[in-house]
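Have a look at the structure below, then the notes.
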Amino acid sequence: EGLLAMALPCPSASKIQRLPFTTQQVPRLAMNDPRAFAYIQNERPVILTNVSLVKPLVGKWTTDYLAQHVSADMDCTVFTSDSQFFQYWDGSKNMAGYEFTPPTQKVSMPFRKFVETIR
């Protein structure tokens, strides 16, 4: 069974592509829902809601702030895309071996280069 999770605007029904494998909707669960932890433990996709960790950091974690507080040589994994529609793809989850051209590329770079790239 294949799983596909995308965070894109929902197209009209006439534009939905038929996929050669079964997909499942990714559940949305509150952070304090015990089922959410079970999904994470079992490495299953889940969208967490009501996460209080994020609100205090919005606006604080700017590029300048991170550049000052994160080691410039720290190795980062970055996913790049040629399109404005970013889709995450994890090839290790393709256990059935479907032929697929990943919409993103996984790149490793020092944090310093990441900051230079996004500025």
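The values are calculated or read from the model by the stated rules, or taken from the named source; none is laboratory data. This is a predicted model, so every value here is computed, not measured. FYI the Cβ positions are ideal-geometry reconstructions off the backbone, even for glycines, and counts take in every protein chain you see. The protein model used for the area step is the full one, side chains on, heavy atoms only, and it has no ligands, DNA or RNA in it. Shrake-Rupley method; radii C 1.70, N 1.55, O 1.52, S 1.80 Å.
Laid out as a table, the results:
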read-out	value
Any hit, the range 17-30, residues being modelled with pLDDT of 85 or more and at positive phi	no
Count - residues of the range 25-79 that are open to solvent by 60 Å² or more (accessible area, probe 1.4 Å) and over 24 Å from R119 (Cβ atoms)	20
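Conditions (1) free of Cβ contacts under 8 Å to residues at least 24 places away in the same chain; (2) more than 25 Å from Q24 (Cα to Cα), marked per residue:
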{"residue": "R44", "(1), (2)": "yes, no"}
{"residue": "I47", "(1), (2)": "yes, no"}
{"residue": "W61", "(1), (2)": "yes, yes"}
{"residue": "D73", "(1), (2)": "no, yes"}
{"residue": "V78", "(1), (2)": "no, yes"}
{"residue": "S92", "(1), (2)": "yes, no"}
{"residue": "F111", "(1), (2)": "no, yes"}
